[in-house]
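Worksheet: one structure, shown below.
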């Protein structure tokens, strides 16, 4: 994710002139080849990630002082220490990180066996990306359009919890604002959205032209709120649209996610943070869905929902929204193959369930939400959802990324 970053080579106060260059010139060249720039404390106001290249032993206090200086500009940024085999670099790094852990700080040591250690440099690039993801989350604005749905009794955290634990600012927006924006939508924009939705579908069953126009108007209205409030993501109390306007938000949330504005259903802030997090860390398009059934013995799981980003599917057709029979639901076929599942939970949003597996089939059962997938888990236990559930919705992304997500979680949160 990140490109530019800073690094500070650290030597003890008693070091002689030129000792940095004598000891770690090769490592500095390797970092510069990764788009790193050598910084001193005067450059610590930059929002780009920073790592400390621990040149020698005897640097522990110097690193702590530099870390403190950086914290004045970027509070709670995890520390990244780069160690190498010589000059007591690794022992000094261990002592520093141990002290910071005692103080409740977070961080990681990346050990480079040599300036040409491609594996270690790739690990450093990943660690820098992880810090950049955390910074992005802290600068994110999530629009909460309407209150969380009434049934989300375990998934309605206070905005302060979202901010303090994960970083995003929650922007409350009355559902009436969306309705005003829908009514004010420009006809040309509505027609363009209708053409986009219908033109990409291989089939349309229940939806009428009027229902297509209504869901396109929801999209136009939400896009107006994104622009008005400078939102990076949003979640919508969508069932009120079913009751009040006889329409649905499924297409709007799908289209916005495909456009880079991560969008969750039902006012579910927890899952919207999960969508954001998994997308930022892995670069994959995320999907939020209900666990519809599971088999503990076979370690399989079925997920279903009426909203799916079209960028995630091979093809899709237009259906009605399952629960209401109104509006437009999207029934998409997600490619078979490897996927990762995630669920954030807990009163402080500090618990995590991760699993990996493979999509083995897409479904079309009439008693479930429209997009349906069967997943055989190869890592993680489906039964955990019965014994220690963290809530309803599950996040799915393509590919096996559990190790990547777990490492981010352990170091950054």
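When Rg is the radius of gyration of the Cα atoms in the chain and Rh is its Kirkwood radius, what does Rg/Rh come to?
Result for the chain is an Rg/Rh of 1.05.
If you average the C-alpha positions of region 352-398 and of region 293-323 separately, how far apart do those two centres end up, in angstrom?
Using only Cα atoms, the two centres lie 9 Å from each other.
What is the calculated FRET efficiency for residue 258 to residue 14, with r their C-beta to C-beta distance and R₀ = 45 Å, to the nearest 0.05?
Rounded to the nearest 0.05, the efficiency is 0.20.
Taking every alpha carbon pair in region 5-138, what does the distance histogram look like in 5 angstrom bins from 0, in percent?
All Cα pairs considered, the percentages come to 2, 11, 23, 26, 23, 12, 3, 0, 0.
I'm checking a number: the convex hull volume of the Cα atoms of region 277-337, normalised per residue, in Å³. What is it?
Given the Cα convex hull of region 277-337, per-residue volume reads 118 Å³.
Please list the three semi-axes, largest first and in whole Å, of the ellipsoid equivalent to region 108-237, using sqrt of 5 times the eigenvalues of its alpha carbon gyration tensor.
After diagonalising the Cα gyration tensor, the semi-axes are 39, 22, 14 Å.
Can you compute the modelled spin-label distance between residue 386 and residue 43, with each label point 7 Å from Cα toward Cβ, in nm?
5.7 nm
Based on the Cα atoms of region 255-295, what semi-axes does the equivalent ellipsoid have, where each is the square root of 5 times one gyration tensor eigenvalue, given in whole Å with the largest first?
They are 19, 13, 10 Å, listed largest first.
Can you give the FRET efficiency to the nearest 0.05 for residue 228 and residue 206, using r as the Cβ-Cβ distance and R₀ = 25 Å?
In this case the efficiency is close to 0.15.
Give me the orientation-averaged projected area of the Cα convex hull of region 276-378, in nm², one decimal.
7.4 nm²
For labels at residue 347 and residue 403 in the simple 7 Å Cα→Cβ model, what's the distance in nm?
Result: 3.6 nm between the two label points.
Using Cα springs under 10 Å in a Gaussian network model of the chain, which residue among 323, 60, 366 shows the largest mean-square fluctuation?
Largest GNM mean-square fluctuation: 366.
Compute a Gaussian network model of the chain, connecting alpha carbons closer than 10 Å, and tell me which residue from 194, 288, 34 fluctuates the most.
Of 194, 288, 34, the most mobile in the Gaussian network model is 34.
So what is the relative contact order for the chain, in percent, with contacts set as C-alpha pairs under 8 Å and at least six apart?
13 percent
Values quoted throughout were computed directly from the atomic coordinates according to the rules given, and no laboratory measurement underlies them. The model shown is predicted, which means the values in this text are computed figures rather than measured ones. So basically every Cβ, Gly included, is an ideal-geometry build from the backbone, and we count neighbours across all protein chains shown.
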